[in-house]
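*Asks:* First the structure, then my questions, so here it is.
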Amino acid sequence: MRTGAKIATGVIGAAIVGAAGLGAYNLVDAVAEGTSGAHSEAAPVRTGPLTPEETEKAASDFLAAWAAGNTQKAGGLTDNAEAATAALTGYREDAHVEKVAFKQGTADGAKVPFSVTAEVSYAKQRSTWTYASSLTVVRGRSSGRPLVGWQAGVVHPRLAAGQTLKTDTTGTPKVTVVDREGKELTAADHPSLAFVLPELAKRFGEKAGGERGVEVRAVGGAVAPGAAAEPLHVVSQGKPGTLRTTLSAAVQRAAEAAVSRHDDASVVAVKPSTGEILAVANAKKTEFNAALSGQTAPGSTMKVVTSALLLEQGKASPGKPLPCPKNATYGMTFHNVEQSENPRATFAQDFAASCNTAFISLAGQLADDALAAEARDVFGLGLDWKAGIPTFDGRVPTDGGAGKAAAMIGQGRVQMSPLAMASVAATVRNGSFRQPYLVDPALDGRTLARAPRALSPAAARDLRSMMRLTATSGTGAKAMSGLGGDIGAKTGSAEVDNQTAPNGWFTAYRDDVAAAAVVPRGGHGGDSAGPVVAAVLRAG
């Protein structure tokens, strides 16, 4: 017995040495044969074409191990165990295939077709996925065993080298965006919203009740540009949500039509009592939304804010005389854009005629930071508005000397968007600032900006009377003609370096609708931007 044991051990050792490089299959054969006698030798490596029986069995064993979830065993039945095991493990874990079954077809030489029935489970979504694939059986180069020739296409025929399957949610839920009355808003009907609607869907899709779809896709590998288009399988189409905005389809249509009469123009309408944005339109249909995010000098429309400051500080009052000379100097010489010179003018008449020099004459009576404080604390400008999509909420920097004087008439370093100037008019009409927004903050828990204080009642009353004077007999009268109700307006012409004509601005309100527009290089604001705003106010 001891002698036999020693002989057997010696044979195993010889077999291990002799089988080096022949593969595990031959090693096992050698060990098995070595136990039968001291004169056994390692089995010869099988060569030659595969028999039909070898092909059928190799395919059957591989598919059975894969179906049983034994990825290590299945991988070992291929000619690249490491890659196959990783891919089959990923099939279960990354593609989320909970269960898989196969139906093996009739071999065509070494190629064996098979059909796949996979049960995909991702979160709450489940789906049965059926498709056809195939494998090719090869003879192992060192072992001679029938093995599955491994390639990514065994898992799915559309997988390229280096690719794997991944089941995941789609980018964003589908969302139907509607206006304040529940009417669907589309880019086809409202071209200015072409980039706004996708942004809203991206930000609020899930909060609006939408559910993302679930898809199986090919990932990784060297994929040609644009090749990763269609999913291999759709587990769930997702559920569309409905996102209600503050927009008004009727006002939006009017805004689109109004800006379309210019090569470049932008307009925004808001509801003074709430801050709800009613319309956003741009003549240029680009991804940059100038109506909401533009940053340009507002010209004399800024005199609404400046007048609020002068009224609240007692530096001026509507009926108080304030001459309008041809030129005024404060750090530099300023002139009038309008034909507004009037040595007997009152402050209200200066406002209605848009006299620059009258305002400049009061610059020395104001602290350098006074205008910036008024803009922030009363009109909410620069308070980081959270409207639902990105906006520019104005900038009025503290300045001294000529810079302070220029800021008083909306020049220098003052920057505004049409949205910001529509809000300025809305604040006058309402008496206090209401942050503009496009989507109800209750949907996502946003905190709207709040101005520290309201406009003083006396200043609000005086400003409304001055804006009404502008709308009925001042520089805004032509544009506002025919509009009834509680109306008020302010024109602006902002001079820009190296520009032959100034930008035309206009901000106004009618009852509970306020709007502002800018027409770059439009010249006089009453003639260019005024009709745009008036058209929007009529629709509101």
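*Asks:* Going through ARG261, ARG344 one at a time, which residue ends up being at pLDDT 95 or above, within 28 Å of LEU438 (Cα to Cα) and surrounded by fewer than 24 Cβ atoms within 10 Å (Cβ to Cβ)?
*Replies:* Selected residue: ARG261, the only one of ARG261, ARG344 that is at pLDDT 95 or above, within 28 Å of LEU438 (Cα to Cα) and surrounded by fewer than 24 Cβ atoms within 10 Å (Cβ to Cβ).
*Asks:* Take GLY238 and tell me if it is crowded, with 20+ Cβ neighbours inside 10 Å, under 19 Å from the mean Cα position of the chain (by Cα), modelled with pLDDT under 90 and not charged (D, E, K, R).
*Replies:* Answer is no for this residue.
*Asks:* So in region 494-521, with the set limited to residues that are assigned to a loop (DSSP other than H, G, I, E, B) and within 31 Å of the chain's Cα centre (by Cα), which one is farthest from VAL424 (Cα to Cα)?
*Replies:* In this case the residue turns out to be ARG521.
*Asks:* I would also like to ask the following. List the residue pairs whose Cβ atoms are under 9 Å apart, where the first residue sits in region 176-202 and is of a type in the set (Lys, Arg), the second is in a strand (DSSP E or B), and the two are 6 or more positions apart or on different chains.
*Replies:* ARG180/ARG244; ARG180/GLU276; ARG180/LEU278; LYS202/VAL175
*Asks:* Out of all the residues in region 500-510, is one or more in contact with a Phe, Trp or Tyr (Cβ under 9 Å, 6 or more places away or on another chain), in contact (Cβ under 8 Å) with a residue 40 or more places away in the chain and surrounded by 16 or more Cβ atoms within 10 Å (Cβ to Cβ)?
*Replies:* No; the residues of region 500-510 include none that is in contact with a Phe, Trp or Tyr (Cβ under 9 Å, 6 or more places away or on another chain), in contact (Cβ under 8 Å) with a residue 40 or more places away in the chain and surrounded by 16 or more Cβ atoms within 10 Å (Cβ to Cβ).
*Asks:* All but one of (1) at negative phi; (2) in contact with a strand residue (DSSP E or B) (Cβ under 8 Å, 6 or more places away or on another chain) hold for ALA123; state the number of the condition that does not hold.
*Replies:* Here ALA123 clears every test but (1).
*Asks:* Restricting attention to region 254-274, does a residue exist that is in contact with a helix residue (DSSP H, G or I) (Cβ under 7 Å, 6 or more places away or on another chain), assigned to a loop (DSSP other than H, G, I, E, B) and either farther than 25 Å from GLU374 by Cα or without any contact (Cβ under 8 Å) to a residue 60 or more places away in the chain (or both)?
*Replies:* Within region 254-274 (the criterion being in contact with a helix residue (DSSP H, G or I) (Cβ under 7 Å, 6 or more places away or on another chain), assigned to a loop (DSSP other than H, G, I, E, B) and either farther than 25 Å from GLU374 by Cα or without any contact (Cβ under 8 Å) to a residue 60 or more places away in the chain (or both)), the answer is yes, since at least one residue qualifies.
*Asks:* Another question, then. Looking at VAL175, is it crowded, with 16+ Cβ neighbours inside 10 Å, farther than 14 Å from VAL219 by Cβ, among the hydrophobic types (A, V, I, L, M, F, W, C) and in contact with a Gly (Cβ under 6 Å, 6 or more places away or on another chain)?
*Replies:* yes
*Asks:* Restricting attention to region 178-204, report how many residues are within 17 Å of LYS239 (Cβ to Cβ) and surrounded by fewer than 16 Cβ atoms within 10 Å (Cβ to Cβ).
*Replies:* 2
*Asks:* Within region 129-147, work out how many residues are buried (at least 16 other Cβ atoms within 10 Å of the Cβ) and either out of contact with any Pro (no Cβ under 7 Å at 6 or more places or on another chain) or not in a strand (DSSP E or B) (or both).
*Replies:* Matching residues across region 129-147 total 10.
*Asks:* State yes or no: is GLY48 touching a strand residue (DSSP E or B) at 6+ places or on another chain (Cβ under 9 Å) and at pLDDT 95 or above?
*Replies:* no
*Asks:* Something else: Does region 137-178 hold any residues that are within 19 Å of the chain's Cα centre (by Cα) and of a type in the set (D, E, K, R), and which are they?
*Replies:* LYS174 - this is the single residue of region 137-178 that is within 19 Å of the chain's Cα centre (by Cα) and of a type in the set (D, E, K, R).
*Asks:* Looking at this structure, is ALA83 at pLDDT 95 or above, surrounded by fewer than 16 Cβ atoms within 10 Å (Cβ to Cβ), of a type in the set (A, V, I, L, M, F, W, C) and part of a helix (DSSP H, G or I)?
*Replies:* Against the criterion (at pLDDT 95 or above, surrounded by fewer than 16 Cβ atoms within 10 Å (Cβ to Cβ), of a type in the set (A, V, I, L, M, F, W, C) and part of a helix (DSSP H, G or I)), ALA83 qualifies.
*Asks:* Sticking with this structure for a sec: Residues being closer than 30 Å to VAL196 by Cα and assigned to a helix (DSSP H, G or I): count how many of those fall in region 439-464.
*Replies:* 3
*Asks:* Same structure again: In the list LEU243, LEU292, LEU310, which residue meets the criterion of being under 23 Å from the mean Cα position of the chain (by Cα), touching a residue at least 24 places away in the same chain (Cβ under 8 Å) and not in a strand (DSSP E or B)?
*Replies:* None of the others qualify; the one that does is LEU292.
*Asks:* Any idea which of (1) without any contact (Cβ under 8 Å) to a residue 24 or more places away in the chain; (2) of a type in the set (A, V, I, L, M, F, W, C); (3) closer than 21 Å to SER354 by Cβ is the one ALA367 doesn't satisfy?
*Replies:* With (1) without any contact (Cβ under 8 Å) to a residue 24 or more places away in the chain; (2) of a type in the set (A, V, I, L, M, F, W, C); (3) closer than 21 Å to SER354 by Cβ applied to ALA367, the lone miss is (3).
*Asks:* Looking at (1) in contact with a helix residue (DSSP H, G or I) (Cβ under 9 Å, 6 or more places away or on another chain); (2) closer than 17 Å to PRO113 by Cβ; (3) not in a strand (DSSP E or B), can you tell me which one GLY153 breaks?
*Replies:* Only one criterion is unmet by GLY153, namely (1).
*Asks:* I would also like to ask the following. For region 90-128, which residues satisfy the criterion of being under 21 Å from VAL234 (Cα atoms) and not in a strand (DSSP E or B)?
*Replies:* Answer for region 90-128, where residues must be under 21 Å from VAL234 (Cα atoms) and not in a strand (DSSP E or B): GLY90, TYR91, ARG92, GLU93, ASP94, ALA95, HIS96, ALA123, LYS124.
The values are calculated or read from the model by the stated rules, or taken from the named source; none is laboratory data. On a predicted model such as this, the values are computed, not experimentally measured, just so you know. Neighbour counts run over all protein chains shown; Cβ positions are idealised from the backbone, glycine included.
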